[in-house]
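Read through the structure below, which is laid out as structure tokens, and then see the notes.
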Amino acid sequence: MNRLAIIDAEARRFAEVLSHTPADAPCPTCPDWTASDLLWHLTEVHLFWAAVLFRNVTSEDGVAAVERSKPARPESLADLLALREGATNALLAELRRLDDAETRWSWWPPEQTVGFTRRMQTYEATMHRVDAEIAAGLPISALAADVAAGAVDHAVDVMWAWRPAGSSYRRAAVVEFVATDTGQRWQVDVGAAGDWPRAVRSQDHQVVLASATVRGTVADLALWAWNRGGSVEITGEPASVSALDAVVSRGM
């Protein structure tokens, strides 16, 4: 997929929607935020990662310096929208300049690369665009099938798979996700790492132990996994469904 085009398009749609949404409108998918908070958040995100890439940040010290350099939050909507546009353009310029294999800091220990940031920002821009549409009371615009499938991958392999330091993973169930429109399937081990509900991609090559199943279009699976709605059908053993719900309901 053309990730730069996706980030650009999703961020533009995000800003367009929020430019016509009351600043104090609540954001149901991010309950502590208003529409203005949501706009500032993605602006901060793009400023931060553009700086990490530009400054060749590879350590926590560099991250702290980036955080200190963050500009103040603009007071007016017009100024905030302008800052968002500049932040997104700076991020895209760095992603255009750099190869995925180049080393850069990320919060995900297994992968300290530009490629991680490129993938993460694809799904973050997409899901925050969804947040903006929900906050504005608009229908959710379509998710492309490849973006939706990638968002499910990222949920399983990164967002749910993170483990607290020193913890070990305990599997409680195996759940199969089935995309009813594309035929894609994910076999997911659901359990816990310490006190944290966690899930990881199953190492089994065939689904032989699945005790619960989640079915929906690939877009609905993505929205459901990222806690942005999504109409899915969940069936299976009650204990397995409960273990899955503990992971999903915790959020990203």
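Checking the condition open to solvent by 10 Å² or more (accessible area, probe 1.4 Å), assigned to a helix (DSSP H, G or I) and in contact with a strand residue (DSSP E or B) (Cβ under 6 Å, 6 or more places away or on another chain), which residue from Val241, Val200 passes?
Val241
Would you check if Arg170 is touching a helix residue (DSSP H, G or I) at 6+ places or on another chain (Cβ under 9 Å) and either assigned to a helix (DSSP H, G or I) or open to solvent by 10 Å² or more (accessible area, probe 1.4 Å) (or both)?
Spelling it out, it is not the case that Arg170 is touching a helix residue (DSSP H, G or I) at 6+ places or on another chain (Cβ under 9 Å) and either assigned to a helix (DSSP H, G or I) or open to solvent by 10 Å² or more (accessible area, probe 1.4 Å) (or both).
Every residue in the range 13-38 that is out of contact with any strand residue (DSSP E or B) (no Cβ under 9 Å at 6 or more places or on another chain) and without any contact (Cβ under 8 Å) to a residue 60 or more places away in the chain, please.
Those that are out of contact with any strand residue (DSSP E or B) (no Cβ under 9 Å at 6 or more places or on another chain) and without any contact (Cβ under 8 Å) to a residue 60 or more places away in the chain: Glu16, Pro31, Asp32, Ser36, Asp37.
So, Ala193, is that one buried (at least 21 other Cβ atoms within 10 Å of the Cβ) and not assigned by the TED database to the domain that holds Trp108 or not?
Here the answer is no, as Ala193 does not meet what is asked.
May I ask you to list the residues in the range 129-146 that are under 14 Å from Trp224 (Cα atoms) and open to solvent by less than 40 Å² (accessible area, probe 1.4 Å)?
Within the range 129-146, Val130, Asp131, Leu143 qualify.
Does at least one position in the range 179-186 carry a residue that is over 26 Å from Gly115 (Cβ atoms) and surrounded by 17 or more Cβ atoms within 10 Å (Cβ to Cβ)?
no
All but one of (1) in a loop (DSSP other than H, G, I, E, B); (2) charged (D, E, K, R); (3) under 19 Å from the mean Cα position of the chain (by Cα) hold for Asp157; which doesn't?
Asp157 satisfies all of (1) in a loop (DSSP other than H, G, I, E, B); (2) charged (D, E, K, R); (3) under 19 Å from the mean Cα position of the chain (by Cα) except (1).
Test of understanding: among Thr126, Thr213, Thr182, which residue is of a type outside the set (D, E, K, R) and assigned to a loop (DSSP other than H, G, I, E, B)?
Result: Thr182 is the single residue among Thr126, Thr213, Thr182 that is of a type outside the set (D, E, K, R) and assigned to a loop (DSSP other than H, G, I, E, B).
If you go through the range 67-78 one residue at a time, do you hit one that is touching a residue at least 40 places away in the same chain (Cβ under 8 Å), more than 30 Å from Pro164 (Cα to Cα) and open to solvent by 20 Å² or more (accessible area, probe 1.4 Å)?
yes
Pairs please, first residue from the range 238-251 and of a type in the set (S, T, N, Q), second anywhere and surrounded by fewer than 20 Cβ atoms within 10 Å (Cβ to Cβ), Cβ atoms under 7 Å, 6+ apart in sequence or on different chains.
Ser240/Ser211
State yes or no: is Ala51 farther than 17 Å from Pro139 by Cα, open to solvent by 40 Å² or more (accessible area, probe 1.4 Å), modelled with pLDDT of 95 or more and hydrophobic (A, V, I, L, M, F, W, C)?
In short, no.
The values are calculated or read from the model by the stated rules, or taken from the named source; none is laboratory data. From a predicted model like this one, the values you see are computed outputs, not experimental measurements. Because the Cβ atoms are built from the backbone with ideal geometry, glycine has one as well, and the counts that use them run over all protein chains shown. These area figures cover heavy atoms from the full protein model, side chains too; ligands, DNA and RNA do not enter into them. Shrake-Rupley method; radii C 1.70, N 1.55, O 1.52, S 1.80 Å.
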